[in-house]
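Written out below as structure tokens is the structure these notes cover.
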Ligand SMILES: NC(=O)c1ccc[n+]([C@@H]2O[C@H](COP(=O)([O-])OP(=O)(O)OC[C@H]3O[C@@H](n4cnc5c(N)ncnc54)[C@H](OP(=O)(O)O)[C@@H]3O)[C@@H](O)[C@H]2O)c1
């Protein structure tokens, strides 16, 4: 892989900080690293690959000096800055939901649909690739290898999403509220409409006219796009839970034909990026405390769904900041470099 110069927009955020660690862990071939955040953070120094780098403002000039821009800030920042970066000749990998459903933007989980990078970038589509929502990624990771052997008819997924999925401010809010509740003081919710400490909120992002939330419909629509199946029946309920890092999902899959839990275990065990942890008799199943800090998607509690002859139920956990965001974004960049797509992306 040729080395490239990169800019990380949102480097001081929950995803951004993990992103910088992963650059080092994976020895990503970055020859020059520029860090950007809001004006508040300009001048702050962050450690990357052993060097201290000062945070800068994200400007057109800075974008013109790098090959790849990773944006991990907010939808509004992505909407404003991604087109500027592309105009300046950079290739953008975006963590927000803003471009995910655009037909000329690839939405990619490399283990699942890396070939979409080629079909989009070689066709001269926009030089932007989006990563999916942090709950969609683990879902498509388990669906893809299974639907390749037995078509999937319907998926019902309930999520238990950690506060780091909301960002750095929500991590601090859970920590503070937990202390306040334990001390017997009153709490004042800010990141969420209600108290999150010692509570669960069946509410992630705004409610839509159909009664689902925006987060739930992202899971429906992004799953269909990534798996190239616009009519796949998917229903989601997304719940915020008082966990710092790691999203969990109870997934019920209805297949076209019968499939045994043993077959599902075997298929998932051999898929890259998935670890099966499934020995309930020994209390072995995935949990956020174990998945946090790891890149794999962990699967357990694989069992026949007693409500349907072709149904399988399972429990899936992954680190939302890693595979749900930063790792996936870096894997996309690695794949673009490996396939030598950078030049075609920004032509
Ligand atoms: N958290 C997850 O699990 C997850 C998963 C998938 C995707 N995402 C997406 O990733 C993005 C970042 O999420 P996060 O959880 O890391 O949020 P976060 O912790 O709130 O961090 C936001 C980052 O954006 C920076 N920022 C704010 N305004 C900016 C501006 N005008 N120009 C440049 N940078 C600006 C902040 O800088 P300051 O520190 O200076 O304020 C901070 O570095 C979001 O789009 C989110 O939807 C998050």
Considering the stretch 303-326 alone, what residues qualify as being within 23 Å of the chain's Cα centre (by Cα) and either at pLDDT below 95 or buried (at least 22 other Cβ atoms within 10 Å of the Cβ) (or both)? 314, 316, 317, 318, 319, 320, 321, 322, 323, 324, 325, 326
Considering residues of the stretch 155-190 that are under 30 Å from residue 311 (Cα atoms) and away from the ligand (no atom under 16 Å from the Cβ) only, the residue surrounded by the most Cβ atoms within 10 Å (Cβ to Cβ): 157
Of everything in the stretch 3-36, what is in a strand (DSSP E or B) and surrounded by 14 or more Cβ atoms within 10 Å (Cβ to Cβ)? Give them in sequence order. 4, 5, 6, 7, 8, 9, 30, 33, 34, 35, 36
Kindly state which strands (runs of 3 or more DSSP E) lie completely within the stretch 37-118 and contain at least 1 residues that are in contact (Cβ under 8 Å) with a residue 24 or more places away in the chain and either buried (at least 23 other Cβ atoms within 10 Å of the Cβ) or away from the ligand (no atom under 11 Å from the Cβ) (or both). 45-48, 68-71, 91-94
Taking the stretch 132-142, which residues are closer than 13 Å to residue 236 by Cβ and outside any loop (DSSP other than H, G, I, E, B)? 136, 138, 139, 140
Can you tell me which residue among 268, 337, 277 is on the phi < 0 side of the Ramachandran plot and touching a helix residue (DSSP H, G or I) at 6+ places or on another chain (Cβ under 7 Å)? 268
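The values are calculated or read from the model by the stated rules, or taken from the named source; none is laboratory data. Everything numeric here is computed off the predicted structure, so don't read it as measured data. A quick note on method: Cβ atoms are made from the backbone with ideal geometry, for glycine too, and the neighbour counts reach across all protein chains shown.
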